[in-house]
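Data first, discussion second: the structure below is written as C-alpha cells.
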Amino acid sequence: KNDKDLESWYNNVLNIISCQFNKDNGKKNLKIDDYEDKFMEEKLSIETFPDSIKDFQTHPKFILSSKIPVTKMYLNPEAKHVGFFKNDKVFLREDLQALKSKNKWLREGRNVLETAKPKKVVKNYMLSKRGNSNANENVETELFTEDQTEVYKPTKPLPNGTIITNKFGNIEIYHPNMIPIDCVLIEHSLVIKAADFLKIKYAKAVIGW
C-alpha cells in the first residue's frame, strides 16, 4: 500500500476506537501517542528495514541491538526500538553517540568536563613491554560522549613570553584550537634555529602519535 492508503487506514482505525464505550465513563480513553508509536513501528518495520543482517551493518538509518559496538557507541537509555529483525531489536542510528576516552577527545580539540562521569568503563588487557603473556596488567579506560566535553581552551603565554609546557617540556597540539593564544605553529626543520637566532621564545610541539 502507498502512504495515502496507510494514512486512510490509520484515520479509520482512530475513528472506530474513538467511538467505543467502556463501563467507567461511557467513553474510551484514547492514547493517541501510543497508537502513533505502534503505527510508526509497524510502518518502519514493513517498509524500510533491510533484508539481511549484512545490509544492516552499513545501513545509514537502522542498527541492530546486537551490532552496537559496546566500547565505541552509547545508546540513549530513553531510546525506543522501532521494530524487530529476527528477534533482534532495531534502533535508529541517530539515537547513538560516539564513546571516546579523554585522550581521544583531546585529539579532536575537546576536553572532558571535570564534573562528567564516564558513560562506560572498559577494561583493557595490556601486555608488558617484554612480551610476557603472564604479566598482563588490567587497565580501566573511562569513556565519554561528546555532550560531556567542551572545546579545548588554549593557554596564554606568560607576561615574559614564555609558553607554558607540560612535564616533558613540550606542548600538545592535536587540533588547531590547541595552539596557545597569540602563538603560531610552524612546521619546518630550521624553525628552532631561526627562533634561537632571533631570540624568539618557543616550545616544541607534539602534533601526533
### Task
Look through 96, 113, 106 and report the one residue that is open to solvent by 50 Å² or more (accessible area, probe 1.4 Å), under 23 Å from residue 151 (Cβ atoms) and hydrophobic (A, V, I, L, M, F, W, C).
113
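So, of the residues in region 60-86 that are in contact with a helix residue (DSSP H, G or I) (Cβ under 8 Å, 6 or more places away or on another chain) and assigned to a loop (DSSP other than H, G, I, E, B), which turns out to be most open to solvent (accessible area, probe 1.4 Å)?
Kept after step one, since they are in contact with a helix residue (DSSP H, G or I) (Cβ under 8 Å, 6 or more places away or on another chain), are these residues of region 60-86: 60-64, 67, 75-76, 79-86.
Keeping just the survivors that are assigned to a loop (DSSP other than H, G, I, E, B) gives 60-61, 76, 79-82, 86.
On the way: 60: 114, 61: 97, 76: 61, 79: 22, 80: 136, 81: 50, 82: 15, 86: 155 Å².
Filtering first and then ranking leaves 86.
Quick one: in region 141-191, which of the residues that are assigned to a strand (DSSP E or B) and of a type in the set (Ser, Thr, Tyr) is least open to solvent (accessible area, probe 1.4 Å)?
Of all residues in region 141-191, those assigned to a strand (DSSP E or B) come to 141-144, 149-151, 170-172.
Pick out the ones that are also of a type in the set (Ser, Thr, Tyr) and you get 141, 149.
On the way: 141: 36, 149: 14 Å².
Among those that are assigned to a strand (DSSP E or B) and of a type in the set (Ser, Thr, Tyr), it is 149.
Residue-by-condition table, conditions (1) modelled with pLDDT under 95; (2) among the basic types (Lys, Arg); (3) over 12 Å from the mean Cα position of the chain (by Cα):
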position	(1), (2), (3)
87	yes, no, yes
90	yes, no, yes
96	yes, no, no
112	no, no, yes
122	yes, no, yes
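Just give me the residues in region 192-209 being surrounded by 10 or more Cβ atoms within 10 Å (Cβ to Cβ) and part of a loop (DSSP other than H, G, I, E, B), in sequence order. Quick ask: steps written out before the conclusion?
Residues of region 192-209 that are surrounded by 10 or more Cβ atoms within 10 Å (Cβ to Cβ), as a first pass: 192-196, 200-207.
Scanning region 192-209 gives 200, 201, 202, 203, 207.
Only one residue in 17, 32 is of a type in the set (A, V, I, L, M, F, W, C), at pLDDT below 90 and either under 30 Å from residue 174 (Cα atoms) or open to solvent by 50 Å² or more (accessible area, probe 1.4 Å) (or both). Which one? First the steps, then the outcome.
Details: 17 fails: either under 30 Å from residue 174 (Cα atoms) or open to solvent by 50 Å² or more (accessible area, probe 1.4 Å) (or both).
Step by step, each of 17, 32 is checked, and only 32 is of a type in the set (A, V, I, L, M, F, W, C), at pLDDT below 90 and either under 30 Å from residue 174 (Cα atoms) or open to solvent by 50 Å² or more (accessible area, probe 1.4 Å) (or both).
The values are calculated or read from the model by the stated rules, or taken from the named source; none is laboratory data. Nothing here was measured: the structure is a model prediction, and the numbers come from that model. No Cβ is skipped: glycine too gets one built from the backbone with ideal geometry, and neighbour counts run over all protein chains shown. Note: areas computed on protein heavy atoms with side chains; ligands, DNA, RNA excluded. Shrake-Rupley method; radii C 1.70, N 1.55, O 1.52, S 1.80 Å.
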